[in-house]
Amino acid sequence: MASAVSAVDASGNPIPTSSVLMASSKHIGLRCHSENLEFLKCKKKDQNPEKCLDKGRDVTRCVLGL
């Protein structure tokens, strides 16, 4: 049986595939709601991508921690 996570990053951590993320989307939406909301507020306030990097990292950290 093929692994759902087939790639790893430079640190050796698994990189979730789109199917893993899709299957987890409801859990991610509930568990990382506040991080996602803060990121979206930041993007709405300022379209400069650099301004919201810290908020994006918070979302990524939450999702990967899940």
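Odds and ends about this structure:
- For the chain, taking the reciprocal of the average inverse distance between every pair of different Cα atoms yields a Kirkwood hydrodynamic radius of 13.2 Å.
- Surface composition of the chain: carbon and sulfur make up 59 percent of the accessible area, probe 1.4 Å.
- Surface accessible to a 1.4 Å probe, per residue, for the residues of the chain, Å²: 81
- Tilt relative to the chain, helix 53-65 - C-alpha long axis, 0 to 90 degrees, to 10: 30
- Working from label points 7 Å from Cα in the Cα-to-Cβ sense, the S19 to K41 distance is 3.8 nm.
The values are calculated or read from the model by the stated rules, or taken from the named source; none is laboratory data. No experiment lies behind these values; they were computed from the predicted model shown. So basically every Cβ, Gly included, is an ideal-geometry build from the backbone, and we count neighbours across all protein chains shown. We work out accessible area using only protein heavy atoms, side chains counted, and drop any ligands, DNA or RNA first. Shrake-Rupley method; radii C 1.70, N 1.55, O 1.52, S 1.80 Å.
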